[in-house]
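Below is one structure, written out as structure tokens; comments come after it.
The values are calculated or read from the model by the stated rules, or taken from the named source; none is laboratory data. Owing to the predicted nature of the structure, the values given are computational and were not obtained by experimental measurement. Heads up, the Cβs are rebuilt from the backbone with ideal geometry, glycines too, and the neighbour counts pull from every protein chain shown. Note: accessible area is taken over every heavy atom of the protein model, side chains too, but ligands, DNA and RNA are not part of it. Shrake-Rupley method; radii C 1.70, N 1.55, O 1.52, S 1.80 Å.
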Amino acid sequence: MDLIEAIKGRRSIRKYKPDPVPEEGLRMVMEAVRWAPSWANTQCWEVIVVKDPKVKSELAACLSKGNPASSSMTDAPLILVLCGIRGISGYYKGEPKTEKGDWLRFDTGLAMQNLCLVAHAIGLGTVIVGNFDHRKVEEILGVPQTSEVVALTPLGYPATEGSTPKRKDISEFVYSDHYGKKG
Ligand SMILES: Cc1cc2nc3c(=O)[nH]c(=O)nc-3n(C[C@H](O)[C@H](O)[C@H](O)COP(=O)(O)O)c2cc1C
């Protein structure tokens, strides 16, 4: 699949078939994470692959009330929970290099986008989920203080196509030379 076609064609999938994800498919999405860019190649990402139906239900209960991704948490055969190791991305010798502090959410975001695009290219669906009780999820999965859960996604074969939310026009977000200045 052509890259721009994959970028434009990927949709958030909230309905899944129960069919299992082949080992090779899972390996390919992990490979996509592996090759994501990161601050000084620190590769702070960690992925917890959740298959156990009991754990999936516990995670589903952590989503915000009315979260449209809720049912996909138990329908999809897998949930991938993306974590980041604290204090390495954006740091040098233990000190943050910029006023932004930890860049782990940026790097794990890049990894998540790689993951979603490759999943889409091989026929698998994803939906990035960020609106949930992170502390509870960390507790359920036994994530240590040295890492944090950033976002998660179900992974499986789409049962329906996702709708395409409207995008801003390029002219609405591109400035020329100075903030707010239109070219
Ligand atoms: C950081 C982040 C958090 C998100 N959290 C949720 C969520 O909690 N529940 C949900 O259903 N979708 C969530 N989404 C999916 C967005 O709603 C979706 O990407 C957006 O509406 C654009 O649709 P598309 O992905 O089909 O292009 C999230 C997306 C991102 C990038």
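Tabulated data
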| item | result |
| --- | --- |
| Only listed residue being part of a loop (DSSP other than H, G, I, E, B), within 21 Å of GLU31 (Cα to Cα) and modelled with pLDDT of 95 or more, chosen from GLY87, GLY123 | GLY123 |
| Long-range neighbours under 6 Å by Cβ, at least six apart or interchain, first residue closer than 10 Å to LEU155 by Cα within the range 2-17, second more than 10 Å from the ligand (Cβ to nearest atom) and part of a helix (DSSP H, G or I) | TYR16/ASP75 |
| Selected residue (only one of SER171, SER176 is assigned to a helix (DSSP H, G or I), loosely packed, with under 14 Cβ neighbours inside 10 Å and either among the charged types (D, E, K, R) or free of Cβ contacts under 8 Å to residues at least 40 places away in the same chain (or both)) | SER171 |
| Top-ranked residue in the range 48-84 [being of a type in the set (S, T, N, Q) and more than 12 Å from ILE140 (Cβ to Cβ); ranked as surrounded by the most Cβ atoms within 10 Å (Cβ to Cβ)] | SER72 |
| Pick from the range 149-180, criterion within 16 Å of the chain's Cα centre (by Cα) and more than 14 Å from the ligand (Cβ to nearest atom), ranking: nearest to ASP102 (Cα to Cα) | LEU155 |
| Options GLY183, GLY87, GLY101, GLY94: the member that is of a type outside the set (A, V, I, L, M), more than 16 Å from the ligand (Cβ to nearest atom) and open to solvent by 60 Å² or more (accessible area, probe 1.4 Å) | GLY183 |
